[in-house]
Structures are given as C-alpha cells and as structure tokens.
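**Q** I am attaching a structure below and will ask some questions about it afterwards.
The values are calculated or read from the model by the stated rules, or taken from the named source; none is laboratory data. Predicted model, so just to flag it, every value in this text is computed and none were measured. Positions of Cβ are backbone-derived with ideal geometry, glycine not excepted, and every protein chain shown enters the neighbour counts.
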Amino acid sequence: MTNILIKPHLTEKTMAVTSNSGFTFQVLFSATKSQIKEMVTKTFNVHVLRVTTRTTHVPGKRSNTRRTTTNDSLVKYATVYLKKGESISLFEFKESK
C-alpha cells in the first residue's frame, strides 16, 4: 500500500479541532475513508473512530508567457477523530518560556 497521507494540515481551525481528538491531514485525492483509517491506524498505532473528508479547489497560476494559466488542482483533506485520550505526536507543540 502506498503512503496515502501526504502531510499534516496545520491551521488555526485544525488546531482547534485537536482539542476534540481530531487531526487533519492532506491526503491523496483518490484515497477513500476506509483506506485513510487503515493508514492512520497502522502509522500512528491509534484507534480511529471516524473520518471526514473535504476537497478544496486550488486555482491555477498565471504564466507570463502567452498569458495562459496552469492546470487547476483539487486537494483533499481528511480529519481523523481518535479515541478519547489518544493523540498523534506530530500535532503536539512545546510552549517556549
């Protein structure tokens, strides 16, 4: 199985969800919820309760040559909710003094 998880998605909104045991990742566009659940369970050794996904349109960028735009792309994000008391170490930050 290829790596479905591309990278963690860290924004103010996604960090607010971490208090409810929700962790957000950018995933492959072709990934299904069951594949995402299986990959998170194997990678981080946690119990996944549910997975929600959303797609976001990323507009193409304009090129100065011939005034054309590059291809638009779609990005898929998955929020994974874990069992109470479990967490993923990628999302933990140490506060500086």
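**Q** Go through region 1-56 and give me each residue that's of a type in the set (Gly, Ala, Ser) and farther than 15 Å from residue 91 by Cβ. Don't jump to the end; show me each part of the working.
**A** Applying the first criterion (of a type in the set (Gly, Ala, Ser)) to region 1-56 yields 16, 19, 21-22, 30-31, 34.
Hits for region 1-56 are 30, 31, 34.
**Q** Sticking with this one: Return the residue satisfying two criteria in turn: it lies in region 9-37 and is of a type in the set (A, V, I, L, M, F, W, C) and part of a strand (DSSP E or B), and of such residues it is farthest from residue 81 (Cα to Cα).
**A** 27
**Q** Still on this structure, please answer the following. Report, by residue number, each residue of region 59-90 that is under 18 Å from the mean Cα position of the chain (by Cα) and either modelled with pLDDT under 70 or farther than 23 Å from residue 16 by Cα (or both).
**A** 73, 74
**Q** Could you check how many residues of region 6-15 are free of Cβ contacts under 8 Å to residues at least 40 places away in the same chain and surrounded by 13 or more Cβ atoms within 10 Å (Cβ to Cβ)?
**A** Step one: filter region 6-15 for residues free of Cβ contacts under 8 Å to residues at least 40 places away in the same chain, giving 6-7, 11-13.
Among the residues that remain, those that are also surrounded by 13 or more Cβ atoms within 10 Å (Cβ to Cβ) are: 6.
Total satisfying the criteria: 1.
**Q** Scan region 16-33 residue by residue and report those that are touching a residue at least 12 places away in the same chain (Cβ under 8 Å) and exposed (fewer than 14 other Cβ atoms within 10 Å of the Cβ).
**A** Here is the first cut: in region 16-33, the ones touching a residue at least 12 places away in the same chain (Cβ under 8 Å) are 17-18, 20-29, 31, 33.
Those that are touching a residue at least 12 places away in the same chain (Cβ under 8 Å) and exposed (fewer than 14 other Cβ atoms within 10 Å of the Cβ): 20, 29.
**Q** Taking region 37-51 as the region of interest, how many residues are more than 18 Å from residue 7 (Cβ to Cβ) and either polar (S, T, N, Q) or at pLDDT below 85 (or both)?
**A** 2
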